[in-house]
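Throughout, read-outs are computed from the coordinates displayed, never taken from laboratory work. Predicted, not measured: the structure shown is a model, and the values here were computed from it. Every residue, glycine among them, receives a Cβ derived from its backbone with ideal geometry; neighbour counts consider all protein chains shown.
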Amino acid sequence: MSSAAPSLSPAGGDIVPAHVAVIMDGNGRWAKKRMLPRAMGHKKGVEAVRNLVRSLRGTGVKALTLYAFSSENWKRGADEIDDLTKLMKHFIRSDLGEMIENGVRLQIIGDHSAFEPEAVALIDDALARTAHNTDTTLTVALNYGGQQEIARAAAAAAAVGDVTVETIAAHLDTASLPPLDLLIRTSGEVRLSNFLLWQAAYAELYFTDVLWPDFTPEHFREALASFSARERRYGGR
């Protein structure tokens, strides 16, 4: 990573979400529009992730959660899964040093142990080496499904006592993160696709037609500005 990415520092007085999540959609369509292999769309998508993470410093955004690989994505072809795994390993190898330098803590939600052993080892090493960083938390959803997460949390709550909103929330994969403020989905789709279903209960939703590989820090700024202009009532008037 490089320090050359533009700053996203908001204008004075703007309300900034502490926790933003992104459904990164549109890699395949980006490649198809350009008559390129899907792998090229995923590669450009990783570059979009890199640029966004670089630009978070000084914004007030403390946590960024990215939907990288759902529990349903195993239905994709073996070649595409292999391409995604290779890109994940390359990203960790190339960017881990700067994540450590910039105080980024990596966290995984879902069950990443289902990936190949080399990828699991790289992820586990990155988790350990960034564990004490406090500037920004980058959470990556791998082999993740929101319904499955809620079921696990409810079962864990039941095993130790009463099942309540509070006890389920305490056992979610995201329990260590701030409440979700803003959920962004790219590519024009307007559904949650089994992502952070519990956490999104009172999050603001932002949908854009921009395909993920084309999503820039400036597009992210537009989403932050939209969030800042909204009045959050949490069921009240």
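Here are the numbers for this structure:
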{"item": "VAL120 paired with ARG152, simple spin-label distance in nm, labels 7 Å along Cα-to-beta-carbon", "result": "1.4 nm"}
{"item": "Rounded FRET efficiency, nearest 0.05, which uses the C-beta distance separating SER176 from GLU98 and R0 of 25 Å", "result": "0.65"}
{"item": "Sum of side-chain charges, THR134 neighbourhood, beta-carbon under 11 Å (Lys, Arg +1; Asp, Glu -1)", "result": "+1"}
{"item": "J(HN,Hα) series, the range 202-219, from Karplus relation 6.51 cos²θ - 1.76 cosθ + 1.60, nearest Hz, glycine and proline x", "result": "10, 6, 7, 10, 9, 10, 9, 6, 5, 6, 3, x, 8, 6, 10, x, 5, 4"}
{"item": "Amide H contacts of GLY26 (H built 1.01 Å from N, under 5 Å, at least 5 apart or other chain)", "result": "TRP212"}
{"item": "P(r) histogram, all alpha-carbon pairs of the chain included - 10 Å bins from 0, percent", "result": "7, 31, 39, 19, 4, 0"}
{"item": "Förster-model FRET efficiency, 22 Å R0, LYS86 and ALA128, C-beta, rounded to 0.05", "result": "0.50"}
{"item": "Computed over the range 93-237: relative contact order in percent, which uses C-alpha pairs under 8 Å that are six or more apart", "result": "19 percent"}
{"item": "Cα centroid separation, the range 63-87 to the range 168-233 (Å)", "result": "19 Å"}
{"item": "Residue-wise HN-Hα coupling along the range 170-184, computed from phi with Karplus coefficients 6.51, -1.76, 1.60 (Hz; x: Gly, Pro)", "result": "5, 10, 6, 4, 9, 4, 7, 9, x, x, 5, 9, 9, 10, 10"}
{"item": "Net charge over other residues, Cβ less than 11 angstrom from the Cβ of ARG191 (K, R count +1; D, E count -1)", "result": "-1"}
{"item": "Nonlocal amide H pairs with LEU196, under 5 Å, H built at 1.01 Å", "result": "GLY146"}
{"item": "Set LYS33/LYS89; LYS32/LYS86; LYS32/LYS75; LYS44/LYS75 screened for pairs whose C-alpha atoms are more than 24 Å apart", "result": "LYS33/LYS89"}
{"item": "The range 7-141, relative contact order [Cα under 8 Å, separation at least 6], %", "result": "30 percent"}
{"item": "Whole-Hz ³J(HN,Hα) from phi, Karplus 6.51 cos²θ - 1.76 cosθ + 1.60, for the range 76-86, glycine and proline x", "result": "6, x, 4, 5, 5, 4, 5, 4, 5, 5, 4"}
{"item": "The chain - charge dipole about Cα centre, Lys and Arg +1 at Cβ, Asp and Glu -1, debye rounded to 20", "result": "560 debye"}
{"item": "Kirkwood hydrodynamic radius over Cα pairs of the range 160-214, then Stokes diffusion coefficient at 4 °C and 1.567 mPa s, in µm²/s", "result": "100 µm²/s"}
